[in-house]
Amino acid sequence: MHTEIFYRIALNKTEGLGKSTLKQILTAAGSAQNVYEFPESWQRRLQHRKRCQVDIKLTDKLRGLVDKEMGLMEKHNVQLCHFLDMSYPNRLKRCPDAPVSFYFRGSDGFNRSRMLAVVGTRNATSYGIKSLTKILNDLKDSDITTVSGLAYGIDTVAHEESLNLGIPTIAVLGNGLHTIYPSTNKNLSERITASGGTLISEFDFNTGPDRMNFPARNRIIAGMADAVLVAESGIKGGSIITAHIANSYNRDVFAIPGTIFDERHAGCHELIHKNIAAIVTSGKDLLEMMNWDSAPQPVQTQLFPDMSEDEALVYRYIQTGRKTIDEIAEHCVGFSPSKLAGILLSLELKGVLFALPGKSYSTEI
């Protein structure tokens, strides 16, 4: 008998399974273990969905790959965060292309109250470094957590200054956790985990830093945060991609302006010009626009004292706008259809949720 983590890794390594399909299968089955041990249950529930009609088997080759991966995880103190886990980042879960799972080393504090992604050029100027340092210093007492990519330049400054100021920081890697890229940031990565921060990667342990991995890494940076700050960037590059991804996720995007005589600031100016990013020149600007200049919001159980944690999760999602039952089920992965139906009925009886035509729900009539 294998563990749930074993089966989760096995599914990740099974070829031909897209993220959306895998999430639907796991939601129907209730666990990765059930996918393998009770295939008839989820296959029956999803028989009307052709793309979910796949044959999932645990071969000897797959067992060997999973055993090897789990051995490396144990040796290097690496854990797996899965979208069925309560600790999975709530912000990231709302993104349609969110990973089914990711590996991490360090804290599992992925749902802190205020998450700010910081991105920028690898060829940072002294102006860019000073500007970002000033803004982070303005934010040091605002209960924020920073998220960046551990790359050269602005990413490195974001992590280092966060550590210097006592701000928790999360680094999302474009390679497996077997190595740190760039290697010059190895000591920085150790400082991050030692301070209560985290290293994250959706890639298998021994995956190298291939250039094709970094756009995928960027979507996690954008998806984990409430807002993205582009500190300094040319007209093209990963930070501009991240800003556009964040905008597609309906995240707030901010940019620091620079001189018009240096192309290394042209990307920030373009984002501002196209109304993708709002201009910020201080941490105070960012706090005001994010409405973070007031006291941090109380924890979820205080916000919704008459709701269970699961009810509050469903309510907060529907609170963003009218949602169909399929959209709710897609967001609230891990809930069986019967459990979700019970939660929706409970919220209706409490008078905070309303059933509407077309199998949809809203917090307002």
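So which of 240, 256, 272, 260 ends up being in contact with a Pro (Cβ under 9 Å, 6 or more places away or on another chain) and either assigned by TED's automatic domain parsing to the domain that holds residue 173 or modelled with pLDDT of 95 or more (or both)?
272
For (1) assigned to a helix (DSSP H, G or I); (2) touching a helix residue (DSSP H, G or I) at 6+ places or on another chain (Cβ under 7 Å), each residue gets a yes or a no:
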residue: 310; (1), (2): yes, yes
residue: 313; (1), (2): yes, no
residue: 321; (1), (2): no, no
residue: 328; (1), (2): yes, yes
residue: 334; (1), (2): no, yes
residue: 341; (1), (2): yes, no
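List, please: which pairs have Cβ atoms under 6 Å, are six or more places apart or on different chains, and start with a residue in region 58-82 that is not assigned by TED's automatic domain parsing to the domain that holds residue 19 and end with one that is in a helix (DSSP H, G or I)?
80/5; 82/8
All but one of (1) under 24 Å from residue 209 (Cα atoms); (2) touching a Leu at 6+ places or on another chain (Cβ under 8 Å); (3) modelled with pLDDT under 95 hold for residue 62, so report the exception by its number.
Condition not satisfied by residue 62: (2).
Before we move on, is residue 166 within 13 Å of the chain's Cα centre (by Cα) and under 22 Å from residue 290 (Cβ atoms)?
When the stated conditions are applied, residue 166 does not pass them.
Among the residues of region 348-363, what is the count of those that are of a type outside the set (D, E, K, R) and at pLDDT below 80? It would help to see each step written out before you state the result.
To start, the set of residues in region 348-363 that are of a type outside the set (D, E, K, R) comprises 349, 351-358, 360-363.
Next, only the ones that are at pLDDT below 80 stay: 349, 351, 356-358.
Number satisfying all stated conditions: 5.
Within region 128-144, is there a residue that is within 26 Å of residue 80 (Cβ to Cβ) and at pLDDT 95 or above?
no
Test residue 303 against the criterion of being farther than 30 Å from residue 130 by Cβ, modelled with pLDDT under 85 and surrounded by fewer than 17 Cβ atoms within 10 Å (Cβ to Cβ), and give yes or no. Spell out how you get there, then give the answer.
On the way: farther than 30 Å from residue 130 by Cβ: yes; modelled with pLDDT under 85: yes; surrounded by fewer than 17 Cβ atoms within 10 Å (Cβ to Cβ): yes.
The answer is yes for residue 303.
For region 343-357, how many residues meet the condition of being on the phi > 0 side of the Ramachandran plot and part of a strand (DSSP E or B)?
Final tally of qualifying residues: 0.
The values are calculated or read from the model by the stated rules, or taken from the named source; none is laboratory data. Keep in mind that what you see is a predicted model, and the values were worked out from it rather than measured. Reconstructed Cβ throughout: ideal geometry from the backbone, glycine too, with neighbour counts over all protein chains shown.
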